[in-house]
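So the structure is just underneath, and the comments pick up after that.
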Amino acid sequence: MKLFVAIASFLFALPAFGQRHIQGPECKGVVHGVVLGRDGETVSSLDVTLYPLGVSLSYMLPHMKTSQRGEYRFEQLCSGRYSVFVTDTDAGYPLSSPYLIQFLYGGRIPQVKITDKHLDAQLSLDLPPKPPAQLQVRIENSKTESKLEEVEVQLRISRKRRVSYVCHESSPCDSKPFLLLPPDQDVLMRVTASGFHEWRVGTKRGKIIRVPSGELLTIKVALDPIGD
């Protein structure tokens, strides 16, 4: 599965089946649970976000902090599939999509389903083992040294764990929010842009990078124009 991410708008490649409400006074669904740390203890005062699956996103996602007992509870939910993710920037876990979470950590996306017959769903969360790493990329024309805006940065761990970040003028690859990487893992990074040869390091396309959890790596990439 290949995921394309538009950094500026935070619109991730989710299937879009038309706009619908996910919360409302007429809806009676509830998704609740606890967040567990790596030691098995509950984690308090941690930001979590409710993420609807299989719908287009053009609204603010519901979010809250866990209680002193590590609990969260989202109410007045309409029928649909939902996941919940830790999105606490102070703890090193920025907002991301379900499929980006899958790229970062592997495994299946935790989810529950609310229906008219099943209005109460429990979903306990395990805190990700480590905050993701971050990547800042400055991409320029090798001949003129001018900065390129319309580029694609492909990151790959395996055939099933890969992501493509599409960067453009209003949201370049070297501005916040930075690109996210799986922490402490070898990742193949490739860079392409229309009118330019793909980035090469020596005789190979792309470069293997590895960034520790929570750290930021800055890379300068020079692309050769086609025809020069």
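Read-outs throughout are calculated quantities, based only on the coordinates presented, and are distinct from any laboratory measurement. Just so it is clear, the model here is predicted, and its values are computed rather than measured. Cβ atoms come from the backbone with ideal geometry, glycine included; neighbour counts cover every protein chain shown.
How large is the Kirkwood hydrodynamic radius of the chain, in angstrom, based on all distinct alpha carbon pairs?
About 19.1 Å for the chain.
Simple spin-label model, 7 Å along Cα-to-Cβ: E198 to V166 in nm?
1.9 nm
In the chain, what percentage of the DSSP-assigned beta bridges are antiparallel, given to the nearest 5? Numbers along the way, then the final one.
Working: 43 of 61 bridges.
Here the antiparallel bridges make up roughly 70 percent for the chain.
What does the charge dipole of the stretch 10-126 about its Cα centre add up to, to the nearest 20 debye, if the Cβ of each Lys and Arg holds +1 and the Cβ of each Asp and Glu holds -1?
360 debye
Mind putting a number on the dipole of the chain about its Cα centre? Charges go on the C-beta only, +1 for Lys and Arg and -1 for Asp and Glu, and I need it in Debye to the nearest 20.
780 debye
Using alpha-carbon positions, what is the distance between the centroids of the stretch 136-172 and the stretch 63-78, in Å?
Each part's Cα centre sits 37 Å from the other's.
Suppose we take every Cα in the stretch 10-126 and form the convex hull; what volume per residue is that in Å³?
In the stretch 10-126, the Cα hull volume divided by residue count equals 111 Å³.
So, with +1 on the Cβ of K and R and -1 on the Cβ of D and E, and no other charges, what is the size of the charge dipole of the stretch 133-223 about its Cα centre, to the nearest 20 debye?
About 500 debye.
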